[in-house]
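This report concerns only the one structure given below.
The values are calculated or read from the model by the stated rules, or taken from the named source; none is laboratory data. Bear in mind that the values here come from a model prediction, so they are computed numbers and not experimental data. Positions of Cβ are backbone-derived with ideal geometry, glycine not excepted, and every protein chain shown enters the neighbour counts. SASA here: full protein model, heavy atoms, side chains in, ligands and nucleic acids out. Shrake-Rupley method; radii C 1.70, N 1.55, O 1.52, S 1.80 Å.
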There are 4 protein chains.
Amino acid sequence: MSFDLNLRVYWEDTDAGGIVFSANYLKFFERARTEWLRHLGVQQHELRQQTGGMFVVSATEVKYLRPAVLDDMLRVTARLTQAGRASLVIAQQAWLGDELLCEGQIRIGWVHAQRLQAERIPAIILERLT
Amino acid sequence: MSFDLNLRVYWEDTDAGGIVFSANYLKFFERARTEWLRHLGVQQHELRQQTGGMFVVSATEVKYLRPAVLDDMLRVTARLTQAGRASLVIAQQAWLGDELLCEGQIRIGWVHAQRLQAERIPAIILERLT
Amino acid sequence: MSFDLNLRVYWEDTDAGGIVFSANYLKFFERARTEWLRHLGVQQHELRQQTGGMFVVSATEVKYLRPAVLDDMLRVTARLTQAGRASLVIAQQAWLGDELLCEGQIRIGWVHAQRLQAERIPAIILERLT
Amino acid sequence: MSFDLNLRVYWEDTDAGGIVFSANYLKFFERARTEWLRHLGVQQHELRQQTGGMFVVSATEVKYLRPAVLDDMLRVTARLTQAGRASLVIAQQAWLGDELLCEGQIRIGWVHAQRLQAERIPAIILERLT
C-alpha cells in the first residue's frame, strides 16, 4: 500500500546543471511523507502542540537514477516498510511517467521537541499506521 | 559604516537559468545581517533564549542588476539606515569585485517569539547599534 | 483577473522562528507565476528551447503582514499589472483563508539565456497575456 | 587526508523543529566538496566551460546523529574514499567542536552537461585527486 503525491518542478528546485538539485529530492520525499501522514489523520503541527514531540530524520539512503528538469510533473511515493517503537522506515520513489528517477529509504524517529531526545512514537500515530 | 561578508556561490544557490536564483539574495542578505549583529555582540539564538524575542523581516525591496554565477565570490554588505523602537531598516548590497549585482532595503521588526506580536527592540540591542 | 495557486507549507519552508522563512514567499510567488503562465499556454522550459530566452526577476517589493506556519494551505495569487516590451510587473499575494499574509510586486524581464542580456519578450507570449 | 570547511548555521538552514533541516546537510556536504575540489585546483564552473561536463550526485547515504542549531559553527569534512573512471565516493562529516553531528557517503559521477550521460572523468581531474 503506497501513497502518492504529484508535484511540479519549479525554478527553485533546479540548479545550474539544468536539473533538480540532489538535496531537493529529500524535500520532495518529506512533502510526500507529510501528505501520507495527513492522509492517515496525522497533522504534524497539531500533534506537536498536543504531544510536545515531532519526527526527525535519522538516516537516508538515496539513489539518483535519472534527472528531472524544470516543469516536470513528478509522482512521489511513500510506503511504510518498518514500524518500530521509536522509529519508522519509509521507502520513497520519484517517478516521471513510467520512469523511476530517484528512490530512497528514509528513517524517521520521534523526539521530544525541546530536549530533542528519542522517545516512543505516540500510540495514536502507531495505530493509524497499521 | 558598513559591514561586509564574503560568501561563495554554490550549486544550491543557482537555478536552471545558470544564475543565482532571485530568492537566494534574500538569504545572502540575511547571512550578512546575522554576521553584522554578531560583530556588534548580538547573537540571535542566545538572545532569543534570554529575551523570548526575535527579529522577523517585515518588508523587502530588492533590485537585481546583474546575475551571479557558480563559483563567484561575493561581498555582501549591511548598513543600518533607520533604527526605530520596534524596527530597523538595513541597506544591503551584493558585489562581485567592483560590480554591483543586487541591492535592497530590508526592514526587520522585533517580535515575541511565541505570540509573534511586535514588541520594542530590547535596549541591549539598540545600544549596540548606535 | 487574477490567477490562484493553492500550496501547502512544508518543513522545508519554515525556519527556527517556527514560521515560513521570508525568502520563501518569493519561491511561492514564483510557483504561482509559473502556473499562471502555464495556464496561458506558456511553458518556460519548452519556450527556452524554442526561443533561447527566459524570464528573470529584476525587482521585487514585498510586505510581510502575518506569518504562515507548518501545514498551512495558502492561496497564492498572480495578477498582471504592467506589460512592457521587455518586462512585466505582476502583483502577488499569499492568503490563509481570508487573511492576507504577504503581498508584493515582482518585475520580470526577458533575457537571452546565454548572454543574459535584456531582449523583447517574444510576441507569442505577449499575445497570450492580453 | 581530509579537507575541512567551516560554515555557520543561518536561519535559512533551520526548520520549525528549531534544528537544521535534514536535506540541508547535503548542501553543506556539497559546499565542502566544492571547496575541496577548488583546493585541488578544480573549478567546476570553469571546467564545465572547458570540457562540457560536470559532476552529478548519483547516490547518498547519510546518518543524522545530533542536531545543529542556529548560530552553530560547523566543520564539514570531505575525504576521497574511492576513485573510479566515471565516479568518486567521498566520505563526509559535520562536526560541532568534537561532537560528530552527521556523516555520509556521497557518490558523484561525471556526465556530459547537455546529454546528461555518464562519461569518464577528465584526466586533468583524476590526476589532481591522486
Task: Filter pass, D:ILE125 being closer than 15 Å to D:SER2 by Cα and open to solvent by less than 70 Å² (accessible area, probe 1.4 Å) - done: no
- [ ] Select from the stretch B:62-87 the residues that are surrounded by fewer than 22 Cβ atoms within 10 Å (Cβ to Cβ), in contact with a Lys or Arg (Cβ under 9 Å, 6 or more places away or on another chain) and over 26 Å from A:GLY17 (Cα atoms) and write down the one among them that is nearest to the other protein chains (Cβ to nearest Cβ).
- [x] B:SER87
- [ ] Would you be able to say whether some residue in the stretch D:2-16 is under 17 Å from A:THR60 (Cα atoms), within 9 Å of another protein chain (Cβ to nearest Cβ) and modelled with pLDDT of 95 or more?
- [x] no
Task: Qualifying residues in the stretch A:21-46 (those that are hydrophobic (A, V, I, L, M, F, W, C) and part of a loop (DSSP other than H, G, I, E, B)) - the one farthest from the other protein chains (Cβ to nearest Cβ) - done: A:LEU40
Open item on the list: Name the single residue that is most open to solvent (accessible area, probe 1.4 Å) among those in the stretch D:50-61 being at pLDDT 95 or above and among the hydroxyl-bearing types (Ser, Thr, Tyr).
Closed with: D:SER58
- [ ] Can you run down the residue pairs with Cβ atoms below 7 Å, 6 or more apart or on separate chains, where the first is in the stretch D:28-51 and among the hydroxyl-bearing types (Ser, Thr, Tyr) and the partner is surrounded by 17 or more Cβ atoms within 10 Å (Cβ to Cβ) and modelled with pLDDT of 95 or more?
- [x] D:THR34/B:TYR10
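Residue-wise test of (1) within 16 Å of B:GLY53 (Cα to Cα); (2) within 19 Å of the chain's Cα centre (by Cα); (3) touching a residue at least 60 places away in the same chain (Cβ under 8 Å).
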residue: B:ALA91; (1), (2), (3): no, yes, no
residue: B:TRP95; (1), (2), (3): no, yes, no
residue: B:CYS102; (1), (2), (3): no, yes, yes
residue: B:ILE106; (1), (2), (3): no, yes, yes
residue: B:TRP110; (1), (2), (3): yes, yes, no
residue: B:LEU116; (1), (2), (3): yes, no, yes
residue: B:GLU119; (1), (2), (3): yes, no, yes
